[in-house]
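Below: one structure, written as structure tokens.
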Amino acid sequence: MTVERINQTIYAVRGQRVMLDRDLAMLYGVETRVLNQAVRRNRERFPADFMLELTRNEIMRISQIVISSDLKFSKRVTGFTEQGVAMLSGVLNSPRAIQVNIEIMRAFVRLREVLATNSELARKLAELERKTASHDEQIQDIFEAIRQLMTPLEEPRKRLVSMSKKTLRNTA
């Protein structure tokens, strides 16, 4: 089991990162039915912010992400938040469950670190864009000044003095 594999089973639902009961059951090496039964027996350990039941639309949206998923045919799918996953370790008390929980917690921590790094990077990029925008105006002003310097000045037109035909004959 790798962190990458665990990361692939973390979904965003209702603004929270959750893992589905079927994915957790697979990682723990138990049937989904057994996992959900353990949760029902210990319902007081799983308040609303630790787990949520997905709606049909949420299930369909996730099933489109998962390749060849039988998820869309599931009648009931439960998502567990990070706290809910941590609580599962007390409900499913086996050596494998403990090891899996440790890896899942590490995956959630790494995910938070990546998101924090990305938000810091986004902030710095926005700041750079803001600075560049003011510099762009200055650079455009410089280019405009150079263009004006490169444009040849119009020479003043020489005035033609009208001469009479008589004067022209005399000069010729």
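The values are calculated or read from the model by the stated rules, or taken from the named source; none is laboratory data. Here the structure is a predicted model, which is why all the values come from computation and not from measurement. Every residue, glycine among them, receives a Cβ derived from its backbone with ideal geometry; neighbour counts consider all protein chains shown. For the accessible areas, the whole protein counts, side chains as well, though only heavy atoms, and no ligand, DNA or RNA atoms are used. Shrake-Rupley method; radii C 1.70, N 1.55, O 1.52, S 1.80 Å.
Some values worked out for this structure:
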| item | result |
| --- | --- |
| Additional length obtainable on full extension of the chain from Glu31 to Glu103, 0.36 nm per residue less Cα span | 24.0 nm |
| Hz values of 3J(HN,Hα) by residue in region 78-85 - Karplus curve (6.51, -1.76, 1.60), Gly and Pro given as x | 10, x, 10, 6, 4, 5, x, 5 |
| Per-pair calculated FRET efficiency, R0 = 45 Å: Gln148 and Asn57 via Cβ, rounded to 0.05 | 0.15 |
| Modelled FRET efficiency - R0 41 Å, Arg41 with Glu120, Cβ distances, 0.05 increments | 0.45 |
| Of all accessible heavy-atom area on region 1-45, the percent that carbon and sulfur account for (1.4 Å) | 44 |
| Full-extension gain in nm, Ala48 to Arg17, via 0.36 nm per residue minus C-alpha separation | 9.8 nm |
| Sparse-neighbourhood loop sites, trypsin sites (Lys or Arg not before Pro) in region 2-38 - DSSP loop, at most 16 other Cβ within 10 angstrom | Arg14 |
